[in-house]
Amino acid sequence: MRSFADERAARVAELDGWLAGLVGDEPGVALLAVGSFGRGDLTPGGDLDLVLLHEDKPDIAEFAEKLWYPVWDRGLRLDHSVRTVPEARGVAAQDLKAVMGLLRTRLIAGDPKLAEGLRSAVLADWRAAAKRRLPELAQLTRERWERLGELAFLLEGDLKDSHGGLRDLHVMEAVVATWVVPPPGPRVRTAYGRLLEIRHALHAVTGRANDRLLLQEQDAVAAHLGMEDAYDLLGTVAECARTITYAGEHVWRHVERHGTSQSRSERRPLADGFVEFAGEAVLARDADLTDPSLPLRAAAAAARAGLPLAPATVDRLAKSFTELPVPWPERARTALVSLLGAGPAAIGAWEALDQAGLVVRMIPDWTRVRNRPQRNAVHKYTVDRHLVEAAARAAALTREVARPDLLLVGALLHDIGKDGSGRDHSVVGAEYTRPLAERLGFPPEDVEILERVVLHHLLLPDTATRRDLDDPLTLQTVADAVGSPVVLELLHAVAVADAGATGPAAWGGWKARLIDELVRRTGVLLRGDAPPRTPEPTAGQLALARHDGVAVRVSGTAVRGSWARHTGGALTVTVVAADRQGLLWQAAGVLALHRLVLRTARTFSHGGGNAVIEFTAEPEFGSPPDPAAIEADLRRVLAGRMDVADRLEKRAAAVRGRRGVPVAPPKVVVVEEASHTATVVEVRAPDRPGLLWRIGRVFGELGLHIRAAKVDTLGSEAVDVFYAVDGEGLPVSDPGLLGEVREGILAALG
């Protein structure tokens with residue numbers, strides 16, 4: 001990109017010399033440059049901001065006129081004032097815009113002691129009043145942001161005053177002057193410099209002092225800067241503005257903490273390797289920096305807790321990051337899904353990784369869409385931000401689909417084909433999705449689903465609004481393209497999330513009703529899948545089941561401390577005990593007591609009076625627990641000698657006491673006609689310690705037995721299916737009892 005820095009410097013030097021000649025050797029005065037002129041950032045359309053400082057000179061008005069008239073005669077835009085030091089201090093004490101200018105003055109000519117006296121006095125006043133004035137500055141800044149929008153995502157943004165524009169750095173410098181925060185780093189300075197060059201080119205091309213980058217002027221500005229086209233220009237604006245915005249968010253968090261008397265220095269555990277400290281998510285002292293999934297797990301932990309990632313933590317993660325293996329280990333993929341499942345809170349955490357360059361290092365395909373503008377009035381965001389917004393919106397729909405993990409990742413990738421090639425982005429995106437999904441470690445059947453979701457992500461809205469839904473061929477065409485009820489519900493949810501992330505013009509009640517009707521009719525053609533069968537136990541499980549009493553076996557514990565890197569983060573816990581009502585949820589409660597986070601649970605059919613349950617789990621913190629200790633506690637629980645409830649409730653209270661992100665409420669559905677031998681109850685809820693225990697206890701208290709279960713945690717979403725029977729081994733037919741099951745589970749999860 002072409003630089004005009006030398007041109008600006010030459011113009012400032014020429015004006016300085018000319019103005020100094022006008023001042024001459026007049027005693028008791030100092031001519032100061034403020035604003036862009038004071039910073040040396042004077043663009044072709046910029047104003048000359050001048051302050052004439054004096055020591056109570058009685059003839060200062062006549063002298064000022066001799067100074068200002070030549071400036072006007074030259075056709076220059078002038079913003080001027082005449083002040084004594086006490087007058088300037090008085091104005092600065094009342095006017096935030098004035099004090100920001102006076103904090104950065106530059107002497108052009110006259111008495112240097114007078115100029116330094118003003119600068120020192122204003123700076124001292126500003127620091128002394130910081131606790132009162134910084135909240136005022138924050139309010140003024142937010143009002144400007146709300147009025148002018150976020151520069152990175154505007155088609156015609158104001159380069160100076162929009163959120164992420166040049167003025168934001170000026171504001172940050174004023175905050176830095178109070179010593180509350182350190183100065184912004186070199187990346188922010190570089191971003192500022194590039195935006196300044198674009199503003200310079202805009203003024204030069206238009207011949208006006210307008211800072212709004214209008215569509216009809218973007219191609220000419222890009223050419224003046226030596227850029228390829230307007231897309232290149234807007235991409236650069238987006239990148240610079242996002243860098244400034246991200247730095248500004250960090251500054252204002254510090255200001256907020258500075259202004260509160262509440263102590264926030266306690267370190268509180270968040271997840272394995274992370275703690276909360278001073279209102280931010282930071283690395284724990286024992287965090288394993290060699291774990292390549294650490295950045296994703298950090299972002300997920302921060303987002304789930306509703307906390308920002310500390311910039312120092314992000315920098316450290318970027319410096320220590322080692323490339324993720326291909327395919328990704330399960331722990332990394334789970335962290336990605338968990339991050340996206342946090343909803344809107346995921347956006348800030350993703351942005352932190354993106355600003356550190358970690359996103360493109362983990363997902364190289366992201367470079368195709370990063371900061372890519374969409375030059376139309378329908379789309380609100382750049383392509384990459386649109387994808388993250390869509391995934392965040394999809395998090396609210398995870399209760400509506402069988403595979404919330406595929407929904408979140410599908411939403412993140414649905415427009416990955418918008419690479420500027422000019423080809424159909426759905427087709428291109430599907431081509432990119434297959435190797436990308438394989439890279440993320442999804443099994444072949446899930447890769448097929450994701451590829452189909454990306455390929456057909458516009459199928460439902462396009463068909464619903466452009467085709468006759470009463471035509472059987474329309475429905476059959478959609479059914480053939482979709483292929484399965486799972487893909488149909490994913491496409492429905494992605495369509496809703498995509499429209500919400502696009503902008504208000506992309507969605508409406510009419511369109512929603514048409515899509516709902518199309519999905520309903522297509523679903524009729526795709527029904528008929530049989531419910532999942534209870535799996536048969538393996539030979540190893542059968543051998544373990546021959547033991548009398550209780551047996552617990554844990555695999556994946558051979559390497560202590562660094563076990564996660566060698567096992568992909570997953571343990572297999574096999575529990576065998578005499579078959580009895582409540583065994584599943586009692587075993588789950590014991591595992592939760594030992595700080596194991598359950599990922600899946602499967603019950604196996606087996607005769608001979610014993611039951612086999614296989615869990616996959618991760619330690620919540622640190623190394624895995626001792627299997628012998630788990631087995632001993634399970635024996636105590638089954639014998640009625642240990643109260644799981646009290647211990648788990650204390651842990652749950654600690655989790656509830658931490659600020660978190662809003663999540664969709666739990667959903668409990670009785671799936672009719674899914675089984676002739678049991679009542680099928682499906683539960684979708686955010687994962688939490690002891691979740692399976694809480695759900696299972698409701699069944700037990702109502703006298704019901706869980707004959708089989710399929711329990712999965714996808715990211716941070718629990719998708720649990722229970723096959724329940726009554727005391728006589730029959731499906732539950734009493735509507736009142738089914739209502740109690742539903743309400744009881746919702747209450748237990750509330």
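The values are calculated or read from the model by the stated rules, or taken from the named source; none is laboratory data. Remember, predicted model here, so these are calculated numbers, not experimental data. Counting neighbours? That spans all protein chains shown, and the Cβs are built from the backbone with ideal geometry, glycine included. Note: accessible area is taken over every heavy atom of the protein model, side chains too, but ligands, DNA and RNA are not part of it. Shrake-Rupley method; radii C 1.70, N 1.55, O 1.52, S 1.80 Å.
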**OP:** Considering only region 194-234, state which residues are open to solvent by less than 60 Å² (accessible area, probe 1.4 Å), free of Cβ contacts under 8 Å to residues at least 60 places away in the same chain and small (Gly, Ala, Ser).
**Re:** 220, 222
Original post:
If only one of 70, 44, 27 is closer than 30 Å to residue 205 by Cα, surrounded by fewer than 17 Cβ atoms within 10 Å (Cβ to Cβ), touching a residue at least 40 places away in the same chain (Cβ under 8 Å) and not β-branched (Val, Ile, Thr), which one is it?
Top reply: 70
Subject >> Hits in region 306-340 (condition: farther than 17 Å from residue 441 by Cβ and assigned to a loop (DSSP other than H, G, I, E, B)) >> reply: 306, 307, 308, 310, 321
**OP:** Taking residue 399 as the residue in question, decide whether it is of a type in the set (Lys, Arg) and more than 25 Å from residue 157 (Cα to Cα).
**Re:** yes
Original post:
Any idea which residue in region 50-67 is nearest to residue 18 (Cα to Cα), counting only those that are among the charged types (D, E, K, R) and either open to solvent by 40 Å² or more (accessible area, probe 1.4 Å) or in a helix (DSSP H, G or I) (or both)?
Top reply: 66
**OP:** Inspect all residues belonging to region 249-263 and state whether any of them is at positive phi, at pLDDT below 95, open to solvent by 20 Å² or more (accessible area, probe 1.4 Å) and under 30 Å from the mean Cα position of the chain (by Cα).
**Re:** no
Original post:
For region 396-455, which fully contained helices (runs of 4 or more DSSP H) count at least 1 residues that are free of Cβ contacts under 8 Å to residues at least 40 places away in the same chain and among the β-branched types (Val, Ile, Thr)?
Top reply: 425-440, 444-455
Original post:
So which of 576, 554, 550 is modelled with pLDDT of 80 or more, open to solvent by less than 40 Å² (accessible area, probe 1.4 Å), touching a Ser or Thr at 6+ places or on another chain (Cβ under 8 Å) and not aromatic (Phe, Trp, Tyr)?
Top reply: 554
Subject >> Members of region 350-368 found to be free of Cβ contacts under 8 Å to residues at least 60 places away in the same chain, within 12 Å of residue 384 (Cβ to Cβ) and more than 14 Å from the chain's Cα centre (by Cα), listed by number >> reply: 360, 366, 367
**OP:** Filter region 147-175 down to residues that are open to solvent by 30 Å² or more (accessible area, probe 1.4 Å) and either in a helix (DSSP H, G or I) or of a type in the set (A, V, I, L, M) (or both), then give me how many there are.
**Re:** 6
Original post:
Among the residues of region 249-265, is any in contact with a helix residue (DSSP H, G or I) (Cβ under 7 Å, 6 or more places away or on another chain) and among the hydroxyl-bearing types (Ser, Thr, Tyr)?
Top reply: no
Original post:
Do you know which residues across region 334-351 are more than 19 Å from residue 282 (Cα to Cα) and crowded, with 24+ Cβ neighbours inside 10 Å?
Top reply: 334, 337, 340, 341
Original post:
Could you count how many residues in region 594-641 are in a helix (DSSP H, G or I), open to solvent by less than 20 Å² (accessible area, probe 1.4 Å) and in contact with a strand residue (DSSP E or B) (Cβ under 8 Å, 6 or more places away or on another chain)?
Top reply: 2
Original post:
Quick one: would you say residue 84 is surrounded by 12 or more Cβ atoms within 10 Å (Cβ to Cβ), at pLDDT 95 or above and of a type in the set (S, T, N, Q)?
Top reply: yes
Original post:
Quick one: is residue 419 over 18 Å from the mean Cα position of the chain (by Cα) and either open to solvent by less than 10 Å² (accessible area, probe 1.4 Å) or more than 22 Å from residue 188 (Cβ to Cβ) (or both)?
Top reply: yes
Subject >> Members of region 501-517 that are open to solvent by 20 Å² or more (accessible area, probe 1.4 Å) and either over 28 Å from the mean Cα position of the chain (by Cα) or of a type outside the set (A, V, I, L, M, F, W, C) (or both) >> reply: 504, 508, 509, 510, 511, 513, 514, 516, 517
